[in-house]
Amino acid sequence: MNIFNRFEAEFETITAQMKVDGELPSALDTGRVVFELPRDASHGDLACNAAMVLAKPAGMKPRDLATIFARHLQEIDGVTDIEIAGPGFINIRVAPQLWADELTAIIAAGDSYGRNDIGKGRSVNVEYVSANPTGPLHAAHARGAVLGDVMAELLAFSGWNVTREYYTNDAGSQVDVLARSAYLRYCEALGDDIGDIPPGLYPGAYLADVGVALAEEVGPLYRGKNESEWLAPVRDFAIHSIMAGIAGDLKALGIMMDRFSSERALVETGAVQAAVDRLLAQNDVYRGILEPPKGKEPEDWEPREQLLFRASEFGDDTDRPLQKSDGTWTYFASDVAYHMDKLDRTKGPLINIFGADHSGYVKRMKAAVAALSGQKDMLDIRLCQLVNLMENGKPVKMSKRAGTFVTVRDVIDAVGADVIRFIMLTRRSDQTLDFDYAKVTEQSRDNPVFYVQYAHARACSVLRQPGINGEDVTGAGDAALDRLTAPAEMAVIKALASWPRLVESAAQSHEPHRVAFYLMDLAASFHALWTAGREAPELRFIRDDDAGLTAARLCLVKATALVIRSGLGVLSIQAREEM
């Protein structure tokens, strides 16, 4: 239990007794009360919002309620002072020993510090990347891939049973176009002059490799044959080849999927019909005519009766067609079937990572999952905005291999997986991200991944000093931990103690970028302490004249290394010991 959880548990005990004594209403919900670090360190060690969030339901003025809470909180062991600020904010100061206890807990827990069980072993499915199998992953896919993978790791770190899933859109017209494009390259590999790639086909040079591989496997078997004879086998070969490349690119990025699901398999096994039948049984499907789309004149609209899902009854702007006029299923119908399949397998919540170009799909998919599950918030969709690739401020738009875009493999080869994984989390996913090759590879504080890894390497270098065995640093024994009271030391200790709370909040909000932000802040605090020691000898980590203080500061250094390594582990990034 960390210091924040401890105070919240103490507060629960206090309010329970206050309810018994009639000081508070018996039905008062204290779930929104939190103890956290104040934004301004001069305000104390902990800040509590209790009076502000409970005053109205308690029927009291915030400051009056804060005064009562302060009287009870003052009795908690380790509390040295309480101040009520403004309309009712409660600021608390605690004895140094409480922070010393946090360091001991960190070192005792090791890499497991911050790991929690808020998921309680429940299942959650995180679907991400899910690019069409018509070409290699482009750089923008890397952002969704990293976001989804770190979210999955963060949830697993928080006690969830996570399935990492990739949905392969291997049905529909786009894979038939892929087959025709691959067949053209197959003929080229056999020696035919194919000329310019016809409009409507995929021109990327990556398909030349597919054509060569197909020619090596089957020889001239399909050469000169009717399309009906080669379309299906060439399509399957091309999809398999490209998906193998995608899986390889993901592995190079540090991503291993638990499951690859196939849209074609859903269609061919009748899963789409089964999903529609379930919605029909719930009376969530009907035959009708949709209103004209917004922005179209009535004469441009051709009304026709279709099989429609009552999406508007589940929060969507309009009802959605499941079947085309020719009787074939819409893409939406396949997606409904896929989400029903995930719900049936997972028996728990679903998370999807979509590109920003899929924003129009959010409401309809949430509506479908709400109808299928009977729960409103069973699906969370996170949108990833664009990534602007640059070199010294100038746009980079082309790839030699892909022809029209920069591939994930291009970026991995240029800067490495660790850099990509960290930089992709230095902005919220709903904000556009600038990725400058020059900036992300320079060794300076302006490069966040270098800045964090360098903090870990610095900590490790201290623990490797002559006469010091980092394994012997335990946070107990002769270490005078309560003497770590310098402002720069306290800044690091408080940042370290915030790690478990940060993990929980990031997991609950599905916002893995918070981990990267936290690591940058922690690294800044540690670098500041390092600099302070160089400028003021009394703050140096190793003091030949004071064994107890040296032992305490080595505990602080070791705790810092452990938490940075733990955080980088959640990001699946190497914690370097030397740089």
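Just so you know, all these numbers are worked out from the coordinates, no wet-lab data involved. These numbers were taken from a predicted model, which means no experiment stands behind them. We place every Cβ from the backbone using ideal geometry, glycine too, and count neighbours over all the protein chains shown.
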Nearest 10 degrees, 0 to 90: helix 331-346 Cα axis against the chain principal axis: 50 degrees
Taking the chain as the reference, fit the longest principal axis to its C-alpha atoms, fit the long axis of helix 139-157 to the helix C-alpha atoms, and give the angle between the two in degrees, 0 to 90, nearest 10. 50 degrees
Roughly how many whole Å is it from the C-alpha centroid of region 220-257 to that of region 126-145? 16 Å
How are the C-alpha pair distances of region 215-268 spread across 5 Å bins, as whole percents from the shortest bin up? 4, 14, 18, 21, 14, 15, 9, 4, 1
Can you give the Rg to Rh ratio for region 435-579, taking only C-alpha atoms and Rh from Kirkwood? 0.98
Run the numbers for Ala356 and Leu280: contour at 0.36 nm per residue of separation, minus the present Cα-Cα distance, in nm. 24.2 nm
Under a crude label model (7 Å from the Cα following the beta-carbon direction), how far is Arg428 from Asp77 in nanometres? 4.2 nm
Set the Förster radius R0 to 51 Å, insert the Cβ-Cβ distance between Ala265 and Ser112 as r into 1/(1 + (r/R0)^6), and round the FRET efficiency to 0.05. 0.85
On the formula 1/(1 + (r/R0)^6), with r taken between the Cβ atoms of Arg93 and Asp472 and R0 of 22 Å, the FRET efficiency rounded to 0.05 is 0.10
Tensor-based shape of region 3-94 (alpha-carbon gyration tensor, a/c under 1.5 rounded, otherwise prolate or oblate): prolate
In percent, how large is the relative contact order of the chain, given Cα pairs closer than 8 Å and 6 or more residues apart? 16 percent
Which FRET efficiency value, to the nearest 0.05, is calculated for Val177 and Ala247 with the Förster distance at 22 angstrom and r the Cβ-Cβ distance? 0.50
Mind checking the alpha-carbon convex hull of the chain and giving the volume per residue in Å³? 212 Å³
What is the distance in Å between the Cα centroid of region 480-506 and that of region 518-579? 11 Å
Mean residue ellipticity at 222 nm from the helices of the chain, using -39,500 (n - 2.57) per DSSP H segment of n ≥ 4 over the full residue count, to the nearest 500 deg cm²/dmol? -15500 deg cm²/dmol
Paramagnetic label zone (point 7 Å from Cα along Cα-to-C-beta, Ser312; backbone N under 13 Å) in region 362-378: none
Taking Cα pairs closer than 8 Å and at least 6 residues apart, the relative contact order of region 173-252 in percent is 39 percent
Computed over the chain: longest principal axis from alpha-carbon atoms vs helix 487-497 long axis, angle to nearest 10 degrees, is 50 degrees
Distance from a point 7 Å along Cα→Cβ of Asn5 to each backbone N in region 482-524: keep the residues under 15 Å and list them by number. 497-508
Fraction of antiparallel bridges per DSSP, the chain only, in percent to nearest 5: 50 percent
Counting as exposed only GluC sites (Glu not before Pro) in DSSP loop states with no more than 14 other Cβ atoms inside 10 Å, the longest exposed-site-free span of the chain is 76-304
Potential extension, Ala536-Ala232 segment - 0.36 nm per residue separation minus Cα distance: 102.1 nm
Could you calculate the contour length gain from Gln574 to Ser509, that is, 0.36 nm times the residue separation minus the distance between their Cα atoms, to one decimal place in nm? 20.9 nm
Cut-off under 5 Å, modelled amide H: who pairs with Ile381 long-range: Asn352
